[in-house]
Structures are given as structure tokens and as C-alpha cells.
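Enquirer: Got a structure for you, questions after.
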Amino acid sequence: MNIEKDRVVSFHYVLRDAEGAEVERSGPDEPMLYLHGHEGIVPGLEAAMSGRAAGDRFTVTLSAEEGYGPRHADALQRIPMKAVMTRGKLKPGQVIAVNTEHGPRQVTVVKAGKFVVDVDVNHPLAGRALSFEVEIVDVREASAEEKAHRHAHGPGHHHH
Ligand code: ZN
């Protein structure tokens, strides 16, 4: 079965920066899952997935625009400490998770106070060229529920 709109894709990946240093990879038994055609993954990677099938392996290099977008200079925000989901003392440069009205989001600490933290809300990978080494594990039709929700439902982590 080929990857097209409204099919659920699971895949393993290794994400590297422009210098070839590894940034992130999927867990050995935890392939990434997404619903194709609904911007569930970065646009350049989604485009490269179209038409592929289980077992395919490929590497795609993305510009910042095809990845997490450009870095914005005016992206400083002051956030109440109670919205911070990461535990422990915060250090400048640290990537933390914060709760927003759009769900959890990754931001970078600029300055941490007692009750508020100043953060850079650019995605940590914004403004960077990236490459994804991909292995497609499975492609299946989406359920009616997944299509209605516009995202994939994985084993054991349905989130509402
Ligand atoms: Zn759902």
C-alpha cells in the first residue's frame, strides 16, 4: 500500500543537522506515527513520503523552510512558571516543554526567574537545514475516527 492522503504511516527516522550530527531518532520499538496529508510532520518530509511503501528507506535533505521554518527574531515571551512542564532548575539554553492553549510546545529558556521564565518560542530546530534518514514500517488506511480528528491514533496513546 502506497502513502497517500488519509493513510496512516509509521516510520523510523534519524534526524541530523547540516553538519551531519545526530539531533534525534525514533525509539527502537516506537516508530513515529502520522496521518498523511494533514501536516502532521514537517512539510518537506511529508512531501518526500508521498507514494512510498512499507520497507522503503530513503534520506531527504530539507532547507529550514521545508523543515521547522525560519527563526523569528521577535520570539521572546514571558511565561508563568506554572505553565512549565519540565521539572527541575531551568538553565539558559535549555529546551523545555510548556503548556499552551494549543497543547504542549517546546521552547528554549533565555532567563529563568522565580515565578516567570523568559523563553524563545522559536522551535529549537527553526532556521536550520536538516536531513531525515527514514525507514517506512507500515502504511494503513485511517479509521473514520482518525480522519475526523485529522491525526493518527497510536497503540495505547489516544489523547483527548
Ligand atoms: Zn484523536
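Enquirer: Among residues other than Asp6 whose Cβ falls under 11 Å from its Cβ, what is the net charge (Lys/Arg +1, Asp/Glu -1)?
Expert: Local charge sum for Asp6: +2.
Enquirer: Also, quick follow-up: In nm, to one decimal, how far is the modelled label at Ser63 from the one at Ala144, with both set 7 Å along Cα→Cβ?
Expert: Reported label-point gap for Ser63 and Ala144 is 4.3 nm.
Enquirer: I would also like to ask the following. Return the carbon/sulfur percentage of the accessible area of the chain, one whole number, probe 1.4 Å, all protein chains in place. Spell out each step's value before the answer.
Expert: Details: 4880 of 9720 Å².
Carbon and sulfur: 50 percent of the exposed surface of the chain.
Enquirer: On to the next question. Pop out the ³J(HN,Hα) list for the range 13-27 in order, Karplus 6.51 cos²θ - 1.76 cosθ + 1.60 with θ = phi - 60°, rounded to Hz; leave Gly and Pro as x.
Expert: Values, residue by residue: 8, 10, 9, 10, 7, 4, 8, x, 6, 5, 9, 6, 8, 6, x Hz.
Enquirer: Now, a different point. Using only alpha carbon pairs under 8 Å that are at least six residues apart, calculate the relative contact order of the range 76-120 and give it in whole percent.
Expert: Dividing the mean separation by the residue count of the range 76-120 yields 43 percent.
Enquirer: Related question: About its Cα centre, what dipole magnitude does the range 14-160 give when the only charges are +1 on Lys and Arg Cβ and -1 on Asp and Glu Cβ, stated in debye to the nearest 20?
Expert: Details: 17 positive and 21 negative charges, 179 e Å.
The dipole magnitude comes to about 860 debye.
Enquirer: Want the number for Asp56 to Met85: 0.36 nm per residue separation, take away the alpha-carbon distance, what's left?
Expert: Length gained, Asp56 through Met85: 6.8 nm.
Enquirer: Still on this structure, I have one more. Under the definition of Cα pairs under 8 Å and six or more residues apart, what whole-number percent is the relative contact order of the chain?
Expert: The value is 33 percent.
Enquirer: Mind putting a number on the dipole of the range 76-120 about its Cα centre? Charges go on the C-beta only, +1 for Lys and Arg and -1 for Asp and Glu, and I need it in Debye to the nearest 20.
Expert: Computed charge dipole of the range 76-120: roughly 240 debye.
Enquirer: Okay, next question. Skip the ligands, DNA and RNA, and give the accessible area per residue of the range 76-120 with a 1.4 Å probe, whole Å².
Expert: 73
Enquirer: Restrict the search to the range 41-97; then list the GluC sites (Glu not before Pro) that DSSP places in a loop and that have at most 13 other Cβ atoms within 10 Å of their Cβ.
Expert: On the way: sites: Glu46, Glu65, Glu66; in loops: Glu65, Glu66.
Taking the range 41-97 and a limit of 13 other Cβ atoms within 10 Å, the loop GluC sites (Glu not before Pro) found are Glu65.
The values are calculated or read from the model by the stated rules, or taken from the named source; none is laboratory data. All values derive from a computational prediction rather than experimental measurement. Counting neighbours? That spans all protein chains shown, and the Cβs are built from the backbone with ideal geometry, glycine included. Side chains included, ligands, DNA and RNA excluded: accessible areas come from the protein's heavy atoms. Shrake-Rupley method; radii C 1.70, N 1.55, O 1.52, S 1.80 Å.
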